[in-house]
Amino acid sequence: MTTNNLINFAEALWQSGIAPALLILLIGWASERFTRNKRLTNLLGIAEAAVKWAEVTFDGGQTKKAQAIKWITDYLTKADKAHLFTAKQIDEAIEWAVEKMKETEK
């Protein structure tokens, strides 16, 4: 295929509406991906604060984790963001925050 054929092919895709439709889908996918990453980054920050609070306030690993989950859930509910995260995501965020805290203590 020569360059001229590629240009004609791209022009035909554009005029048929296929290229614009694919471009719209690509933009939507990229936007959703970046939004999801931003939400998860925010959740990790909230989990980090919850774990630090639970570490200072409570004794016992399970009590700390339960209180951190409650703190995060209450925070997300007040911010009307609780529907954006699953229990598994919250649990994983807490585990990540605990690991990060342990790394900084070393």
Q. Could you list, in sequence order, the residues of the range 61-99 that are polar (S, T, N, Q) and either within 15 Å of Arg39 (Cα to Cα) or loosely packed, with under 15 Cβ neighbours inside 10 Å (or both)?
A. Gln62, Thr63, Thr73, Thr77, Thr86, Gln89
(Q) Quick check on Leu44: is it under 27 Å from Gln89 (Cβ atoms), open to solvent by 80 Å² or more (accessible area, probe 1.4 Å) and among the aliphatic types (A, V, I, L, M)? (A) no
(Q) Suppose we filter Ile24, Ile46, Ile69 for residues that are among the β-branched types (Val, Ile, Thr) and within 15 Å of the chain's Cα centre (by Cα); which single one remains? (A) Ile46
Q) Can you tell which of Lys102, Lys106 is loosely packed, with under 15 Cβ neighbours inside 10 Å, modelled with pLDDT of 85 or more, out of contact with any helix residue (DSSP H, G or I) (no Cβ under 7 Å at 6 or more places or on another chain) and at negative phi? A) Lys102
Q.
Residue pairs, Cβ under 9 Å, 6 or more apart or interchain, first in the range 44-73 and more than 13 Å from Met101 (Cβ to Cβ), second open to solvent by 60 Å² or more (accessible area, probe 1.4 Å) and not aliphatic (A, V, I, L, M). List them.
A. Ile46/Trp71; Ile46/Tyr75; Gln67/Trp53; Gln67/Thr57; Trp71/Trp53
Q. Can you tell me which residue in the range 27-43 is nearest to the chain's Cα centre (by Cα), limited to those that are under 22 Å from Ala87 (Cα atoms) and among the aliphatic types (A, V, I, L, M)?
A. Leu40
Q. Just one of Ala49, Ala54 is in contact with a helix residue (DSSP H, G or I) (Cβ under 6 Å, 6 or more places away or on another chain) and surrounded by 14 or more Cβ atoms within 10 Å (Cβ to Cβ); which is it?
A. Ala54
Q | Checking Glu32 against (1) surrounded by 11 or more Cβ atoms within 10 Å (Cβ to Cβ); (2) free of Cβ contacts under 8 Å to residues at least 24 places away in the same chain, the condition it does not meet | A | (1)
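The values are calculated or read from the model by the stated rules, or taken from the named source; none is laboratory data. Nothing here was measured: the structure is a model prediction, and the numbers come from that model. Backbone-built Cβ (ideal geometry, glycine too); neighbour counts: all protein chains shown. For accessibility, only protein heavy atoms count, side chains too; no ligands or nucleic acids. Shrake-Rupley method; radii C 1.70, N 1.55, O 1.52, S 1.80 Å.
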